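What follows is a short report on a single structure.
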Amino acid sequence: MIDLILTIIGEILIAVGVFCSLVASIGMLRFPNFFVRLHAATVGSMGGSFLPIIGAGLIALGSDFPDKWMFFGGLIVAAIIVMLVSPAGSHALARATHRARVAPVEPKVTDHLKEDEDEKEGEKD
Amino acid sequence: MNLKKSIVPIFLAFVVYVVFSGSLSIYDISTGIVVAIVAGLLFSEILVKNVSKSLSLMRLGHLIRYAFYYFFVAEVQAHLDVIKRILNPKMPINPGIVRVPYEVSSDYAIVGVAGSIINTPGTVVIDIDEEKKLYYVHWIDVSTQEPGKCRQAICESFEKYLTKVFD
């Protein structure tokens with residue numbers, strides 16, 4: 001009984017993950033510039049990989065092969081590491097792109113970071 | 001080599017080892033204890049600055065409460081919001097980079113709040129000014145440009161929990 005419940009919860013998590021990955025890829029195509037596309041990438045990293053990894057772990061726990069706890073534990077640790085490390089990657093990409101000014105922040109409502117950077121450069125000159 | 005400082009790193013390393021190996025045999029537990037003690041002693045100087053903070057169970061309780069809030073409320077809301085924007089035929093986005101002041105002080109809390117902001121879809125921390133205590137956040141829907149209101153909309157709820165955990 002408990003095995004069946006774990007398998008069903010795992011399959012639901014994987015289905016949600018598939019949906020999030022699909023929506024994230026549609027967003028990557030539709031959004032206008034690099035910075036807005038990063039938001040779609042975040043949907044892909046939290047909803048699209050964190051949830052399905054945990055779901056796969058629960059399915060492994062619900063089936064009856066030997067060493068199932070090893071698969072469950074490994075997948076949980078992998079999911080937590082994905083959750084802790086993926087923001088560092090997104091932030092590094094965004095910061096480097098903005099500093100190098102290779103991707104325009106267009107369309108935009110406002111860009112306070114560029115204003116402050118320009119102000120600092122003005123003080124140096 | 002402060003043994004009291006190393007208690008939390010050793011315990012964490014041991015838990016990760018046992019969870020990862022997924023067995024409770026004598027071989028695994030003894031290897032785990034040896035590896036955890038070596039790793040914990042080596043990294044305690046870098047990881048722990050304040051011993052009483054790291055041993056406080058209250059802070060652990062607040063961290064667990066924050067994890068529940070984060071996964072079941074903040075993440076779900078942000079995902080639904082961005083998914084709606086992606087699938088809407090008109091694509092109602094309103095992007096821009098805004099200043100968001102923060103009030104936490106320790107390094108762990110600053111990184112924790114920034115990581116939480118980046119991991120919720122719709123907001124990405126692009127740069128940080130530690131002297132002025134500002135995050136520069138790329139926000140998908142700039143409804144206000146006033147720093148105080150931005151803080152209320154983006155990071156106040158994360159800060160409320162993480163001050164109790166890390167500060």
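For the range B:12-90, the fraction of alpha-carbon pairs lying more than 14 Å apart is 76 percent, rounded to a whole number. Just need the relative contact order of chain A here, percent rounded to a whole number, with Cα pairs under 8 Å and 6+ apart. For chain A, the relative contact order is 28 percent.
Tally Lys and Arg at +1 and Asp and Glu at -1 over the other residues with C-beta under 14 Å from the C-beta of B:Leu57: what net charge comes out?
Numbers: positive: B:Lys53, B:Arg59, B:Arg65, B:Lys164; negative: none.
That works out to +4.
Excluding same-chain neighbours fewer than eight residues apart, the lysines reachable from B:Lys4 by a Cα-Cα span under 16 Å are B:Lys49, B:Lys53.
Distance from a point 7 Å along Cα→Cβ of B:Asp141 to each backbone N in the range B:83-103: keep the residues under 18 Å and list them by number. Output list for this probe position: B:83-98. Distances between placed amide hydrogens fall under 5 Å for B:Asp127 paired with B:Tyr136, all partners being 5 or more residues away or on another chain.
Cα extents for chain B along the principal axes, largest to smallest and rounded to whole angstrom: 61, 37, 25. Quick check: the angle from helix B:7-21's long axis to the longest principal axis of chain B, C-alpha only, nearest 10 degrees? Taking Cα atoms only, the helix is inclined about 90 degrees.
To the nearest ten degrees, helix A:51-62 and the longest principal axis of the Cα atoms of chain A are 10 degrees apart.
Hey, what D do you get for the protein assembly as shown in µm²/s if you plug the Kirkwood alpha-carbon radius into Stokes-Einstein at 4 °C and 1.567 mPa s? In µm²/s, the coefficient rounds to 62. Taking one quarter of the surface of the convex hull spanned by the alpha-carbon atoms of the range A:1-53 gives a direction-averaged projected area of 3.2 nm². Considering the zone a paramagnetic label at B:Leu80 would reach in this model (a point 7 Å from Cα along the Cα-to-Cβ line), which residues of the range B:118-148 have amide N under 17 Å from it? Zone members listed by number: B:120-122. Buried surface between chains B and A: roughly 3600 Å² of accessible area, summed over both sides, computed with a 1.4 Å probe on protein heavy atoms only. How many percent of the alpha carbon pairs in the range A:61-106 exceed a separation of 17 Å? Every Cα pair in the range A:61-106 considered, those over 17 Å come to 56 percent.
Accessible area per residue was computed with a 1.4 Å probe on protein heavy atoms; B:Asp167 scores about 50 Å². Computed from Cα atoms, the angle from the helix A:112-124 axis to the main principal axis of chain A rounds to 40 degrees. Remark: spin-label model distance A:Arg101-B:Leu41 equals 5.3 nm, labels positioned 7 Å along the Cα→Cβ axis. Surface composition of the range A:46-125: carbon plus sulfur atoms contribute 65% of the solvent-accessible area (1.4 Å probe, protein chains only, all chains present).
Computed from backbone phi, the HN-Hα couplings of the range B:56-63 come to 6, 6, 4, 5, 4, x, 5, 5 Hz, rounded to whole numbers (Karplus: 6.51 cos²θ - 1.76 cosθ + 1.60, θ = phi - 60°; Gly and Pro given as x).
The values are calculated or read from the model by the stated rules, or taken from the named source; none is laboratory data. No experiment lies behind these values; they were computed from the predicted model shown. Note that we place each Cβ from the backbone using ideal geometry, even for glycine, and neighbour counts take in every protein chain shown. Areas reflect the complete protein model, heavy atoms only, side chains present, ligands, DNA and RNA absent. Shrake-Rupley method; radii C 1.70, N 1.55, O 1.52, S 1.80 Å.
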